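Everything on this sheet refers to the single structure shown next.
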Amino acid sequence: KMRGEDKSKDEDSSADEIGKKAGVYIIATSVLLVLLLFSSVYSARDVYQCEENSSQSNDTCTYLRDKLNCRIKIATPLYLHLKVDVKGAIVDYHAKCGWDAALTEIRLAFLFLSLVVSYVGYSGVKDSQKKKAEIFMYGAMFLSMLLFLAAFFDMVQILDSKDDNSSACKSTGKYQLKKSAKLQDLDCNYYRYYAVVLFDVLAAVCLILSAYQVNTWRQSLRFESDDL
């Protein structure tokens with residue numbers, strides 16, 4: 001009898017350890033989802049900034065805004081930095097063109113659903129509730145596929161933007177500046193948008209790993225009740 005009790009205690013202790021590990025995975029997943037939320041919101045809007053050292057260059061800022069305008073002249077997403085010399089006045093122009101609104105809305109929907117499911121999963125592990133654990137497992141697997149899908153479409157939009165903005169990023173063709181504006185520097189980059197794709201993928205992978213850990217914990221735990 002004593003051996004049976006010791007064995008039962010060992011099993012409970014092992015289940016607790018696995019449960020703690022599963023909880024850590026779910027917390028890590030939630031952190032990645034929050035980072036994805038911030039990066040998505042940060043890169044969603046179109047932002048323009050024009051810095052000049054002469055009042056005479058105000059017309060140049062208006063000209064550059066018309067010439068390199070998000071949604072109309074530039075394919076999104078893109079961060080563009082342009083420095084020009086207009087009759088001795090240096091003008092710094094920044095255009096941060098955000099994601100297509102539809103992609104952002106879909107990504108945020110997947111993200112918030114993932115956060116809700118993660119909360120359910122953590123609650124199930126913490127309170128040893130089998131049904132919540134099962135909800136998390138199936139929900140996490142489904143939402144991970146949706147996040148992978150979001151990452152795929154985000155990457156496609158970035159690649160399309162690179163192709164469509166090839167002339168704008170070289171200041172050639174219809175994007176060539178007027179003669180009075182001498183180009184000093186031109187930079188196009190996608191780092192902040194690649195970060196969104198990276199967080200998409202990492203969050204999806206962590207959801208899968210968390211679901212695996214919760215399933216391992218669920219199988220090791222002797223549930224006495226399935227009550228919620």
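The values are calculated or read from the model by the stated rules, or taken from the named source; none is laboratory data. Note that this is a predicted model, so its numbers are computed, not measured. Here the Cβ is made from the backbone with ideal geometry for all residues, glycine too, and neighbour counts use every protein chain on show. Just so you know, the surface numbers come from the protein's heavy atoms only, side chains and all, with ligands and any DNA or RNA stripped out. Shrake-Rupley method; radii C 1.70, N 1.55, O 1.52, S 1.80 Å.
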Practice problem: Kindly indicate whether TYR175 is of a type in the set (Ser, Thr, Tyr), at pLDDT below 90 and open to solvent by less than 50 Å² (accessible area, probe 1.4 Å). | Solution: yes
Quiz prompt | Odd one out for ILE106, checked against (1) of a type in the set (Val, Ile, Thr); (2) open to solvent by 40 Å² or more (accessible area, probe 1.4 Å); (3) within 24 Å of VAL24 (Cα to Cα) | solution = (3)
Practice problem: Hey, can you tell me all the residues within the stretch 1-30 that are open to solvent by 80 Å² or more (accessible area, probe 1.4 Å) and at pLDDT 80 or above? | Solution: GLU17, LYS20, LYS21, VAL24, ILE27
Exercise. Determine whether VAL117 is among the hydrophobic types (A, V, I, L, M, F, W, C) and either in a loop (DSSP other than H, G, I, E, B) or exposed (fewer than 14 other Cβ atoms within 10 Å of the Cβ) (or both).
Key: no
Quiz item: Do we have LEU82 as within 16 Å of TYR190 (Cα to Cα), over 23 Å from the mean Cα position of the chain (by Cα), modelled with pLDDT of 85 or more and surrounded by 13 or more Cβ atoms within 10 Å (Cβ to Cβ) here?
Solution: yes
Quiz item: Which members of the stretch 118-137 meet the condition of being among the small types (Gly, Ala, Ser), in contact (Cβ under 8 Å) with a residue 24 or more places away in the chain and at negative phi?
Solution: SER118, GLY121, GLY124, ALA133
Quiz prompt | Options LYS87, LYS126: the member that is within 20 Å of LEU177 (Cβ to Cβ), among the charged types (D, E, K, R) and open to solvent by 50 Å² or more (accessible area, probe 1.4 Å) | solution = LYS87
Self-check item: Of the criteria (1) within 30 Å of ALA28 (Cβ to Cβ); (2) at pLDDT below 95; (3) open to solvent by 60 Å² or more (accessible area, probe 1.4 Å), which one ARG65 fails
Solution: (1)
Quiz item: Do we find a residue being surrounded by fewer than 16 Cβ atoms within 10 Å (Cβ to Cβ) and either within 17 Å of the chain's Cα centre (by Cα) or of a type in the set (A, V, I, L, M) (or both) anywhere in the stretch 95-103?
Solution: yes
Exercise. Run ALA195 past the list (1) under 21 Å from LEU64 (Cβ atoms); (2) open to solvent by less than 70 Å² (accessible area, probe 1.4 Å) and report the number of the one that doesn't hold.
Key: (1)
Exercise. Might you let me know whether the stretch 63-82 holds any residue that is closer than 30 Å to THR216 by Cα, in a helix (DSSP H, G or I) and without any contact (Cβ under 8 Å) to a residue 40 or more places away in the chain?
Key: no
Exercise. Please work out which residue is farthest from ASP164 (Cα to Cα), limiting yourself to the stretch 174-191 and to residues that are assigned to a strand (DSSP E or B) and among the hydrophobic types (A, V, I, L, M, F, W, C).
Key: ALA181
Quiz item: Does SER180 count as more than 15 Å from the chain's Cα centre (by Cα), free of Cβ contacts under 8 Å to residues at least 60 places away in the same chain and surrounded by fewer than 20 Cβ atoms within 10 Å (Cβ to Cβ)?
Solution: no
Self-check item: Among (1) part of a helix (DSSP H, G or I); (2) open to solvent by less than 60 Å² (accessible area, probe 1.4 Å) - the single one ILE135 does not satisfy
Solution: (2)
